[in-house]
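The values are calculated or read from the model by the stated rules, or taken from the named source; none is laboratory data. What you see is a predicted model, and the numbers here were worked out from it, not measured in a lab. In this analysis, Cβ positions are derived from the backbone assuming ideal geometry, glycine residues included, and neighbour counts consider all displayed protein chains. SASA here: full protein model, heavy atoms, side chains in, ligands and nucleic acids out. Shrake-Rupley method; radii C 1.70, N 1.55, O 1.52, S 1.80 Å.
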Amino acid sequence: MMAQIFFGELSSEEVDKISSQEALILIPIGSIEQHGHHLPLATDSIISQEVTRLIAERINNEFPVLVFPQIPFGKSTEHASKPGTISLETEVLTNLLRNICKNLVKNGFKKIVFINGHGGNTNLLNTMLREIREETGAFITSIYLYSETFLKETLDRFKLEELDVFHACTLETSFMMTLKPELVHMEKASKEKPHKFTEESGYKYLKLTGSKGIEFSWLIDDVSDSGVIGDPTKATAELGQEVLESLVEKICEVLREIKKV
Ligand SMILES: [Zn+2]
């Protein structure tokens, strides 16, 4: 029988036993926000939950890991103008995550890993990591699914441009076609290139794809009418499956390093 990997499905006694084996806690975090006309609001949450499950299933025979109940909401200020977006305020989200971590530490867990499916959560998570460590002694890591570390190879291999892979884009749509095809409405998918904040539109530093050390407050209405940034029409379930496989493997490598710390 496969070891139980979901925190919430264990009994009090079982959790106690696993915490004493120095299990890593994996916390999927996503968002509820507009994802164009063709993807559901919970896209980031669905992807982070499923990726976390796959990682846990793969690595659990090496050392114990537990998938904590997902944080479905995130920081989605950039999409707040579109219907359906539910964005938590910085203080609320920070306090929520901090409280969860403190409770976990009280229960004996010393390593906590956030598996983050939404770019808007990244800065907030990064700010919190050290604060929580200093406060509790726990080692906290945040892993962003679409970080350059994981994405570079995919872009090269599938000949995708940086702007094909941004929001409700080729990659997110492909992941959803693999994980929850019944929620993808390809007949409503359309490509949208950002109107602003690209080299083509005359911006050298204020770029959506980022300039190291320069952050600016872009909002979805600056750059997109449909809510899409990128090209979902290139998405396929095969691409989703292949990238998912390498992503899961790479994140397992990261977890092995965290285990070593
Ligand atoms: Zn998304």
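Just a few scattered comments:
Residue by residue, here is whether (1) open to solvent by 20 Å² or more (accessible area, probe 1.4 Å); (2) under 20 Å from Gly240 (Cα atoms); (3) in a helix (DSSP H, G or I); (4) of a type in the set (Asp, Glu) holds:
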| residue | (1), (2), (3), (4) |
| --- | --- |
| Val15 | no, no, yes, no |
| Ile18 | yes, no, yes, no |
| Leu26 | no, no, no, no |
| His37 | yes, yes, no, no |
| Ile47 | no, yes, yes, no |
| Thr52 | no, yes, yes, no |
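- Lone unmet requirement of (1) more than 16 Å from the ligand (Cβ to nearest atom); (2) more than 16 Å from the chain's Cα centre (by Cα); (3) on the phi < 0 side of the Ramachandran plot for Val113: (2)
- Qualifying residues in the range 68-85 (those that are under 14 Å from the mean Cα position of the chain (by Cα) and among the hydrophobic types (A, V, I, L, M, F, W, C)) - the one farthest from Leu247 (Cα to Cα): Phe73
- Inter-residue pairs, beta-carbon under 9 Å, first over 17 Å from Cys169 (Cβ atoms) and without any contact (Cβ under 8 Å) to a residue 60 or more places away in the chain and in the range 30-56, second part of a helix (DSSP H, G or I) and open to solvent by less than 30 Å² (accessible area, probe 1.4 Å), 6+ apart: Ile32/Asp44; Ile32/Ser45
- Selection status of Lys82, open to solvent by less than 50 Å² (accessible area, probe 1.4 Å), within 13 Å of the ligand (Cβ to nearest atom), more than 24 Å from Glu182 (Cβ to Cβ) and not hydroxyl-bearing (Ser, Thr, Tyr): no
- Exclusive hit being over 22 Å from Ala42 (Cβ atoms), modelled with pLDDT of 95 or more and open to solvent by 60 Å² or more (accessible area, probe 1.4 Å), set Glu253, Glu199, Glu182: Glu253
- Among the residues of the range 223-249, those that are out of contact with any Asp or Glu (no Cβ under 9 Å at 6 or more places or on another chain) and open to solvent by 50 Å² or more (accessible area, probe 1.4 Å) comprise Thr233, Thr236, Glu238, Gln241, Glu242, Glu245, Glu249.
- Residue match in the range 87-98 (condition: farther than 30 Å from Glu245 by Cα, touching a strand residue (DSSP E or B) at 6+ places or on another chain (Cβ under 9 Å) and assigned to a loop (DSSP other than H, G, I, E, B)): yes
- Within the range 34-57, the set of residues being within 12 Å of the ligand (Cβ to nearest atom) and among the hydrophobic types (A, V, I, L, M, F, W, C) comprises Leu39, Leu41, Ala42, Ile46, Ile47.
- Flag for Lys159 being open to solvent by 10 Å² or more (accessible area, probe 1.4 Å) and touching a helix residue (DSSP H, G or I) at 6+ places or on another chain (Cβ under 7 Å): no
- Within the range 57-79, being of a type in the set (Ser, Thr, Tyr) and either in contact (Cβ under 8 Å) with a residue 60 or more places away in the chain or open to solvent by 30 Å² or more (accessible area, probe 1.4 Å) (or both) holds for one residue alone: Thr77.
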